Amino acid sequence: MKKVLLCAAFIAASFTSIAQIGVGTTSPKASAALDIESTTKGLLLPRLTAAQRDAIVSPVAGLAVYCIDCASGELSFFNGSNWSGVSETPQSTVASDANGGTFTFLNHNLGADTSLDPHTPVKGLNGDYYQWGKNAPGATVDGLIGNWGDQGGTTANGNWSSSKGSQDPCPAGYRVPSSAEWTLVNDHNTVSRTGTWADNATNFGTALHYGSIASPKLLTLPAAGYRGDTDGALSSRSYVGHYWTSTEKDNSKAYYLHFGSNYVNMPDNQDRVFGFSVRCIAE
């Protein structure tokens, strides 16, 4: 009889372990089929290239892998009909006041190669050039997109705002920073610089760095120059950085962060049809 009872207990325990598994814990949460607890290690998903992921036969909805050659690395989930990605979002956090407050920015300019080290200025970090109030760039690092001044949208008041305007080009959860926010960044962080600061269309090694201390660098802004108001011609690459804010001056001008080899002007203002860089701040 004892053998029968022991056998029954073993079978019951087996079914329990199959229904609910704890790793690093003997008391898995009631709602979890698998409960993993650790303060020193993580969960490692299968690491596949995009081609290997796409070759999986009849993936079930909810299947997850890590795509090793997707932009910036990417968690991929099968939603029942196709793979959708959850990209890594590298961020930079800098001081916003003297009392421990912070701002969080994306690590890269809009249009930049987000797989690159954001603090080592190279061509891929320059990103795109936006006319104020438009949700699509007018030019890339290499040239114009279509006809300058005809990129869709308008430069009307309200397109960009501190509450994320209707034409804000930043991804979900981010927006174009206000003039006041850029001013606080400049007031409460140490400034350092990299590069020659000589006007040169093929020099991509110049940048301004912000941080509570000069090193390590926390927020790096390439000196990408700007695009002219009439024809979108490139000007002053590696010599200045022009970064739009969401703050309007009047019906035709807006404020921007303007820096060079020995100055930071905040705020300056300029006609909205110029093409400047954009760095997004978390909402």
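The values are calculated or read from the model by the stated rules, or taken from the named source; none is laboratory data. Predicted, not measured: the structure shown is a model, and the values here were computed from it. Neighbour counts run over all protein chains shown; Cβ positions are idealised from the backbone, glycine included.
Laid out as a table, the results:
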item: Qualifying residue in segment 167-180 (condition: more than 19 Å from ALA254 (Cα to Cα) and either crowded, with 17+ Cβ neighbours inside 10 Å or touching a helix residue (DSSP H, G or I) at 6+ places or on another chain (Cβ under 8 Å) (or both)); result: yes
item: Output for segment 99-146, where each listed residue is loosely packed, with under 15 Cβ neighbours inside 10 Å and at pLDDT below 90; result: GLY100, SER115, ASP117, GLY146
item: Those residues of segment 108-129 which are farther than 11 Å from PRO90 by Cα, among the charged types (D, E, K, R) and more than 12 Å from the chain's Cα centre (by Cα), in sequence order; result: LYS123, ASP128
item: Checklist (1) out of contact with any helix residue (DSSP H, G or I) (no Cβ under 6 Å at 6 or more places or on another chain); (2) not in a strand (DSSP E or B) applied to ALA254, failing item; result: (2)
item: Scan of segment 153-195 for residues that are assigned to a helix (DSSP H, G or I) and among the small types (Gly, Ala, Ser), ordered by number; result: SER179, ALA180
item: Test: residue in segment 261-283 that is touching a Phe, Trp or Tyr at 6+ places or on another chain (Cβ under 8 Å), aromatic (Phe, Trp, Tyr), assigned by TED's automatic domain parsing to the domain that holds SER163 and over 19 Å from LEU144 (Cα atoms); result: no
item: PHE274 being in contact (Cβ under 8 Å) with a residue 40 or more places away in the chain and either of a type in the set (A, V, I, L, M) or closer than 18 Å to GLY111 by Cα (or both); result: yes
item: Number of positions in segment 78-94 that are at pLDDT 75 or above, surrounded by 13 or more Cβ atoms within 10 Å (Cβ to Cβ) and farther than 26 Å from TYR130 by Cα; result: 1
item: Test: residue in segment 261-276 that is of a type in the set (A, V, I, L, M), within 24 Å of the chain's Cα centre (by Cα), within 23 Å of ASP117 (Cα to Cα) and in a strand (DSSP E or B); result: no
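Yes/no per residue for (1) at positive phi; (2) buried (at least 20 other Cβ atoms within 10 Å of the Cβ); (3) under 22 Å from the mean Cα position of the chain (by Cα); (4) not β-branched (Val, Ile, Thr):
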position	(1), (2), (3), (4)
THR194	no, no, yes, no
ASP199	no, no, no, yes
ASN203	no, no, no, yes
LEU218	no, yes, yes, yes
PRO222	no, yes, yes, yes
ARG227	no, yes, no, yes
SER236	yes, no, no, yes
HIS242	no, yes, yes, yes
THR247	no, yes, yes, no
